[in-house]
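First up is the structure itself, then whatever we jot down about it.
The values are calculated or read from the model by the stated rules, or taken from the named source; none is laboratory data. In this text the structure is predicted, and so the values were computed from the model without any measurement. Counting neighbours? That spans all protein chains shown, and the Cβs are built from the backbone with ideal geometry, glycine included. Quick note on the areas: whole protein, heavy atoms, side chains included, nothing else; ligands and nucleic acids left out. Shrake-Rupley method; radii C 1.70, N 1.55, O 1.52, S 1.80 Å.
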Amino acid sequence: VHGDGRANVLRCMTHAAARERSGAGQEEPAPLRGGPEGVPPVTTSVTKEVWEGLLSQQQPEVQHASLRLLLELAQHHPLDKLWPLLPALDAALARHRAVDCRALYHELLIRLRERAAEPGAAVPDAASETLLRSGLLVGLCDPDETRREAMLGYWHGQLPRSMAARLVACFETLYAPAVEAQWLHISTLLLLQLVHGAPNRHKTIFVKTLL
């Protein structure tokens, strides 16, 4: 299966995974059902090598459909099965030419990060955690303004609201080799977000001009 056919199969798998998660009782299309008892459904038995091949495809529609399926699996699939995919995701999508693929990539990373913070979740190893955080930081430098604003809003919500604590976070949470050249810029933006959100930001400081 190639091109549009591969993307269509992935869309069907996404639908099947969503039905599996919701516990819908309606019957799935025959190609997507699990096999005999003890054989996992196709949506949860795709190997790491197959995922890597799908993500490295040159057809954006295949990568887009792959991301949709991963987003669905990220709702309930064991995290320890998803962390090994981060290197392939980073290589293929961090700077993907299609903005909709980058948006889905950011959405997937956010969902994985949220699930990793849940009690009892499978915590990523150091390398996976670095790739997860780095991918979200690269979003702050996205060439699309809408994506940059969305990621700025995300990180503003993740960082401390006190200026001192946020300044420390700039040197810890906001630093990654992938954004080293842009670190000062993104740190400044996120420090200024505290000022923009202050209730008295329009209050006059000096009644008379200084000169």
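At a glance:
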item: Filter result for the condition that a residue is under 29 Å from GLN63 (Cα atoms), open to solvent by less than 80 Å² (accessible area, probe 1.4 Å) and among the acidic types (Asp, Glu), over ASP144, ASP125; result: ASP144
item: Residues (under 11 Å from ARG166 (Cβ atoms) and open to solvent by 60 Å² or more (accessible area, probe 1.4 Å)) located in segment 179-193; result: LEU192
item: Boolean, LEU67 is crowded, with 18+ Cβ neighbours inside 10 Å and farther than 21 Å from GLN182 by Cβ; result: yes
item: The listed residue being within 21 Å of VAL62 (Cβ to Cβ) and surrounded by 15 or more Cβ atoms within 10 Å (Cβ to Cβ), out of LEU93, LEU159, LEU137; result: LEU93
item: Segment 162-178: number of residues that are within 23 Å of the chain's Cα centre (by Cα) and surrounded by 11 or more Cβ atoms within 10 Å (Cβ to Cβ); result: 8
item: Unique match (being at pLDDT 95 or above, within 23 Å of LEU104 (Cα to Cα) and outside any helix (DSSP H, G or I)) among LEU152, LEU140, LEU136, LEU174; result: LEU174
item: Matching option when the condition is touching a residue at least 24 places away in the same chain (Cβ under 8 Å) and under 22 Å from THR146 (Cβ atoms), among LEU82, LEU69, LEU73, LEU104; result: LEU104
item: Matching helices (runs of 4 or more DSSP H) fully within segment 1-113 where at least 2 residues are modelled with pLDDT of 85 or more and at negative phi; result: 48-55, 60-73, 79-82, 86-93
